[in-house]
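Data first, discussion second: the structure below is written as structure tokens.
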Amino acid sequence: MLPILLGLGSGLCWGAADFVGGLQSRRLPTLAVAFWSQVGGAVALALVVAALGSVGGLPALAWGMVAGAFGGSGLMFFYRGLAIGPMSIVAPVAACGAAVPVVATVLLGQGPSAVAIGGIAAAFVGIVLVSRPSEHSDQHGDIRAALPIALGAAVSFGLFFVFLDWGGDAGGPPLWVVAGARIGSLPTIGLVVAVGRRGLPWPGGCWPIVAAVGVVDTAANVLFIYAAAIGNLGTVSVLGSLYPVVTVLLARIVLAERLGRAQGAGVGVALAGVGLMVAG
């Protein structure tokens, strides 16, 4: 039960971070929000690691850095896809990157039970449904151009889950692995900014909120590592990928956005999937 709770916690944190980060992206350039939030999370993590005296080996740090490189690239793919394509295509495709760890666990002979697999399938369906826009949402966008970018985000996020788990298996403290992930993600985002010759303006008065986005995102990484260490990676990765459900519900509660029929059904299906995973 504990891995399920921790996995759900990671999805909750990622969904909340995406929601607040999305709101800030309406005021600031998206890449600036992504970069400075990662800096905020890195600073907070460094303070925690220093306070706890948590020191790990180089393998754990190295795997974390690899995970961070994929996480950073996935974030860039994701934002680029949302910029040029319809959310109804980009969001569900990117969220289904959780299929990568599921395949990895099956190939390693560590696949979940039949009941849990049913729950995973239901969660995937829920993710797809809840990521669809409501009846009044904008449907415009270049689908042909956005689809391969969304697939790139899915693969990157999936590999991020896998390498983050491998970092936890390397024997180092989970915080040390997350520190490596932050070290790997920042240069990746910075490289994209440099190649695109885009500026990174300081968020000004919004910096506490932007930093909080990074702190919550970092907390999600920590919860995920602990969950994967004591549970099945495939199941935990799907639970973490339920973040679109959290984002949609927050938009409904905070912004009073109406849920479409597909979104409402998606929330129910996703929760049913979680129940099956718990039972399995």
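Kindly check whether there is at least one residue in region 134-143 that is at pLDDT 75 or above, out of contact with any Pro (no Cβ under 8 Å at 6 or more places or on another chain) and not β-branched (Val, Ile, Thr).
no
Gly97 fails exactly one of the following numbered conditions: (1) surrounded by fewer than 22 Cβ atoms within 10 Å (Cβ to Cβ); (2) modelled with pLDDT of 75 or more; (3) under 24 Å from Gly260 (Cβ atoms). What is the number of that condition?
The failed condition is (1).
Assess whether Val193 counts as being within 13 Å of the chain's Cα centre (by Cα), modelled with pLDDT under 80 and over 22 Å from Val48 (Cβ atoms).
The answer is no for Val193.
Results for (1) crowded, with 19+ Cβ neighbours inside 10 Å; (2) within 20 Å of the chain's Cα centre (by Cα); (3) assigned to a helix (DSSP H, G or I); (4) at pLDDT below 85, shown as yes or no for each residue.
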position	(1), (2), (3), (4)
Leu5	no, yes, yes, no
Leu8	yes, yes, yes, no
Leu12	yes, yes, yes, no
Gly15	yes, yes, yes, yes
Phe19	yes, yes, yes, yes
Arg27	no, no, no, yes
Ala42	yes, yes, yes, no
Trp63	yes, yes, yes, no
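Tell me yes or no: at least one residue of region 173-188 is aromatic (Phe, Trp, Tyr) and over 13 Å from Leu61 (Cα atoms).
no
Take the residues in region 46-61 that are surrounded by fewer than 19 Cβ atoms within 10 Å (Cβ to Cβ) and touching a Pro at 6+ places or on another chain (Cβ under 8 Å); name whichever of them is modelled with the lowest pLDDT.
Here the answer is Ser54.
Please tell me if Ile230 is at pLDDT 80 or above, under 30 Å from Arg27 (Cα atoms), surrounded by fewer than 18 Cβ atoms within 10 Å (Cβ to Cβ) and in contact with a helix residue (DSSP H, G or I) (Cβ under 9 Å, 6 or more places away or on another chain).
It is false that Ile230 is at pLDDT 80 or above, under 30 Å from Arg27 (Cα atoms), surrounded by fewer than 18 Cβ atoms within 10 Å (Cβ to Cβ) and in contact with a helix residue (DSSP H, G or I) (Cβ under 9 Å, 6 or more places away or on another chain).
The values are calculated or read from the model by the stated rules, or taken from the named source; none is laboratory data. Just so it is clear, the structure is predicted and the values come from calculations on it, not from any experiment. For neighbour counting, all protein chains shown are included, and Cβ atoms are generated from backbone atoms with ideal geometry for every residue, glycine included.
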